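Below: the structure, in structure tokens.
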Amino acid sequence: MRNSIGSDPAVSVARATSSAIHQWATGVQSVETSRVILFQGSDLDRQADRLSRTGDVILAPVASGSPGRRLPSGASVLTYEGQLVDAGDVMHIGRGYEIEFQDYLAVPFSPINRPTVVRLSSAEDWKALAADADEAQATGSFITQMTSASVVLADRSVIDAVAERVDIPVNRLTVDHVGDVRYWPHEPSPEGAAVNEAMPTAAYFAAIGGEATERLVRERPWFQRYLAALRVIGQEGGGAWSISGFGRTLGGSAPHPGSRTTGELLIWREDEHLLVEPDSGRRFKLGRETAIAVEALLEADTLDAAVDRGASAGLARRGLHQRITDLQGRLADVGVAIGPEAAAV
């Protein structure tokens, strides 16, 4: 799809640049962009047309030319000042907006003063991420900095590819200062990464611990749900949110660690209860009893088990099966299918 720069140069260019950096950092595809190619050097014209195509966005140093111009290939050029190469680097993209680069290992000890891309550039970073995920799964305790709305965890597309056992979409590239083309800074790219549509996960992890590092994700099928929990807490402003299944449940029963790998999240604090769809961002405010019934649906393998779970959490058993079934139906009416036998509701 052809990328639109918009009609207000000052505002829309900054937004387009921010969106492009998000795709470059995470690998999560934007609906408006094919690929994002970050040029670290200023010699844009020498390689840009060879590498780019219509729908691509080129992120280039400001010396490369005015933002919004199009190359003969059909790619759009957005410019920046500064760089995102090493930990602590800051990129400026206009209108006072700036983005910092940071290593995962450093984040728990660093204040978040601006939008920050947290990279996983070593096997040690990945091990720390897995350990923090295990801690959250067991206790409900999340790294505070990682629940900030200002933090973007890099390489989400890599984690998704490992979890779903598919190849990684090549929708981001980096051209370093000497002109070498890489999938991600400091990491060698497999042959053909600049032209291929996807690459094996093994090729990505080859330089950062190989199979042992990839296993950190594969052996945790709930990893995507953990990342969704981080994003949801950040979107809700951080703070003391509890998430069902992470160390606790609203109904008070023991959670089943790893029983849910994706899907909706039930979160609460004090008298506020929300059912959240992480992918769409939709939120549904719930009363406490309804939230307990929703949790029972999320945790149980059968409707009868959901009834037992709800009753043990204090819901009146009389008529509970029908109430839970009706709740499933109301949620299904708005496109939310949860709980056992949901497809039949």
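The values are calculated or read from the model by the stated rules, or taken from the named source; none is laboratory data. None of these values were measured; they are calculated from a predicted model. With ideal geometry, Cβ positions are generated from the backbone for all residues, glycine too; neighbour counts draw on all protein chains shown.
Quick look at the numbers
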quantity: Scan of the range 154-172 for residues that are over 18 Å from Glu211 (Cβ atoms) and either touching a Leu at 6+ places or on another chain (Cβ under 7 Å) or in a loop (DSSP other than H, G, I, E, B) (or both), ordered by number; calculated: Ala154, Arg156, Val170, Asn171
quantity: Residues that are farther than 22 Å from Ser12 by Cα, without any contact (Cβ under 8 Å) to a residue 60 or more places away in the chain and either charged (D, E, K, R) or not assigned by TED's automatic domain parsing to the domain that holds Ala198 (or both), drawn from the range 35-85; calculated: Asp45, Asp49, Arg50
quantity: Residues (crowded, with 20+ Cβ neighbours inside 10 Å, in contact with a Pro (Cβ under 8 Å, 6 or more places away or on another chain) and closer than 15 Å to Leu38 by Cα) located in the range 151-180; calculated: Thr174
quantity: The range 25-84, residues that are more than 22 Å from Asn196 (Cα to Cα), in a loop (DSSP other than H, G, I, E, B) and in contact with a His (Cβ under 8 Å, 6 or more places away or on another chain); calculated: Gly41
quantity: Qualifying residues in the range 74-95 (those that are surrounded by fewer than 16 Cβ atoms within 10 Å (Cβ to Cβ) and more than 25 Å from the chain's Cα centre (by Cα)) - the one farthest from Arg46 (Cα to Cα); calculated: Arg95
